[in-house]
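What follows is a short report on a single structure.
The values are calculated or read from the model by the stated rules, or taken from the named source; none is laboratory data. All of these numbers come straight from a predicted model, not from anything done at the bench. As a convention, Cβ positions derive from the backbone with ideal geometry for all residues, glycine included, and neighbour counts pool all protein chains shown.
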Amino acid sequence: MMGLMDISQTTSVLVVFIITFLVVWLWRRREKPKYNMPRKQFWIPFSELLGSFADTDSLLKKIGGNQPITRFQNGFTGPENFLLTTYKGIHEAFIKNGHLLTGRPTKFFWTEWNTHHDTGVVHGIFNSWGDLWKQQRRFALMTLRDFGLGKTSISEMIQEEIGYLVDEFQKFEGKAVDPRNLLMPAISNVTNSLVFGERFQYDDPKFQQIMKNMMDQFKYFLLAQNAVVYPFLRYIPGDPFKLHYTFKHMGISRKFLQERIQKHMAEYDPDNIQCFTDAYIKALKAEKDKEGTYFTEFQLLTTVEELFFAGMDTTVATLRWALLLLILYPDLQKKVHDELDSVIGARRVSMEDRASLPYTEATLLEIQRLGCVIPMAGHSNTEDVEMMGYTIPANSNITANFLSVFYDESFWNNPNKFDPTRFLDESGKLGKIPDCLTPFSLGGRVCLGESLAKMELFLFFTNLLQQFSFKIPAGEEKPGLKARIGLLRYPLPFKVEVHRRH
């Protein structure tokens, strides 16, 4: 009975919300803007909740049409919101005017999560801005490079983890398995090694528990984001927008990472710096008496969180798209197998082999295009900026829609088709990669871990394909390419049947 009452109450609140949203949208649409801006368009604020009424993935591919910039309603009050839907518009914003677009949207889920309760300052690197962002991003880049980012040492670390992952896949010979359950611990261990200087055994109960929690925490991200934009939605009984659910799971992950950090602080040895956390603790101690320092324990925690979630989840999502596409296109999987057999043979694939594997590299590029695991990226401008014939007022939310670019027919012939040869020239060699393929974003806020992610993708993908073939499990329904958009763009859950090749 109480459940029915909650549903009825939630429905009533949502009806009132929709009516209020429409009234506010119509009223604000009539307002004469103070700046030369595009006419405001209607925006469905909770497309995931509406289900069949609005497919978020399809909507993002089409929204804005051929217009380089669209202005839309997002919240009853607050800054202006703009969506960039063409490569020309994104390039003008993030490259030409990139120095003015280094801020982050304030009405953003992760911004709220990373805001210090006492100071109101947004921490981390991904969501911060200003001097804090500049200093902390510079420190993170330099420190990660010191620990082998983009070098042979990190490649060897990845190769070691691949050995463990191959053993795990081998256990499912001839069986069906959800690849996410195997990929996530492996990629997490690479991040663990960089951040904490250690790896976990896959059968460690605590590690398994935290992996499951991390898998669940961003399941409803897009839905929860609505309760950040419209704060009153979080008070509806039953948590229909899953904000409390998401924060609860993020809190469990944060506690786990906090415990690891505290362990490193307790065992800190300035003469034995083994990982990113140790290096940060050293800087924190050196800066502790400086007024206004950005090196704090909370900044360390939020940075470590971002290194885990952003780095791990994007790579896992891309590899999941890779396996999904290859079981749907077995003839193309065979071409990758044939190239690996011809060029590599039985030895392990290394980064030095990359230039000798053009078809495999083209396949990875096409996977990143079709998968488009980062469909949107939000920035904010620090001052008024002229773009595309319009004046964008300071502190506006400016979002790049990479999904629309990656499926833009003016750049890609038959964009819905999985076709690695679009990246090859007539001789079968890798051609010039189109500028509009930007899986790691572009401009001043390009992905911090781009070099690591590229290395992980190539090494995990090639070594798994060298050792195994994958197919749709017998008796299983053929999976589709429909995506779920949460924090990233994920394929819907699927299984692969594993077969050892050698």
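Of note:
- Checked against (1) within 23 Å of the chain's Cα centre (by Cα); (2) at pLDDT 95 or above; (3) buried (at least 21 other Cβ atoms within 10 Å of the Cβ), Pro479 passes all but condition (3).
- Thr360 being outside any loop (DSSP other than H, G, I, E, B), polar (S, T, N, Q) and touching a helix residue (DSSP H, G or I) at 6+ places or on another chain (Cβ under 8 Å): yes
- For the stretch 208-222, the set of residues classified as surrounded by 17 or more Cβ atoms within 10 Å (Cβ to Cβ) and more than 17 Å from Ala310 (Cβ to Cβ) consists of Tyr220 only.
- Output for the stretch 164-191, where each listed residue is over 26 Å from Leu257 (Cβ atoms), out of contact with any Pro (no Cβ under 7 Å at 6 or more places or on another chain) and small (Gly, Ala, Ser): Gly174
Condition check ((1) assigned to a loop (DSSP other than H, G, I, E, B); (2) out of contact with any strand residue (DSSP E or B) (no Cβ under 7 Å at 6 or more places or on another chain); (3) among the hydroxyl-bearing types (Ser, Thr, Tyr); (4) within 26 Å of Pro375 (Cβ to Cβ)) across all residues:
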{"position": "Trp110", "(1), (2), (3), (4)": "no, yes, no, yes"}
{"position": "Asn127", "(1), (2), (3), (4)": "yes, yes, no, yes"}
{"position": "Leu132", "(1), (2), (3), (4)": "no, yes, no, no"}
{"position": "Met157", "(1), (2), (3), (4)": "no, yes, no, no"}
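- Of the residues in the stretch 399-412, none is touching a residue at least 24 places away in the same chain (Cβ under 8 Å), assigned to a loop (DSSP other than H, G, I, E, B) and closer than 25 Å to Leu165 by Cα.
- Residues that are aliphatic (A, V, I, L, M) and farther than 18 Å from Leu452 by Cα within the stretch 307-338 comprise Leu323, Leu324, Leu325, Leu326, Ile327, Leu328, Leu332, Val336, listed in sequence order.
- Note on the stretch 78-99: residues that are part of a helix (DSSP H, G or I) and crowded, with 21+ Cβ neighbours inside 10 Å amount to 6.
- Hits in the stretch 443-459 (condition: out of contact with any Ser or Thr (no Cβ under 8 Å at 6 or more places or on another chain) and buried (at least 21 other Cβ atoms within 10 Å of the Cβ)): Leu448, Gly449, Leu452, Phe458
- Candidate set from the stretch 184-207 (those that are surrounded by fewer than 16 Cβ atoms within 10 Å (Cβ to Cβ) and in a helix (DSSP H, G or I)); member that is nearest to the chain's Cα centre (by Cα): Lys206
Listed here are the residues, each with its yes/no results for (1) at pLDDT 95 or above; (2) out of contact with any helix residue (DSSP H, G or I) (no Cβ under 9 Å at 6 or more places or on another chain); (3) surrounded by fewer than 17 Cβ atoms within 10 Å (Cβ to Cβ).
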| residue | (1), (2), (3) |
| --- | --- |
| Ile236 | no, no, no |
| Asp239 | no, no, no |
| Leu257 | yes, no, no |
| Lys263 | yes, no, yes |
| Tyr268 | yes, no, yes |
| Thr277 | yes, no, no |
| Ile281 | yes, no, no |
| Lys290 | no, yes, yes |
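- Residues of the stretch 325-342 that are surrounded by 15 or more Cβ atoms within 10 Å (Cβ to Cβ) and part of a helix (DSSP H, G or I): Leu325, Leu326, Ile327, Leu328, Leu332, Gln333, Lys335, Val336, His337, Glu339, Leu340.
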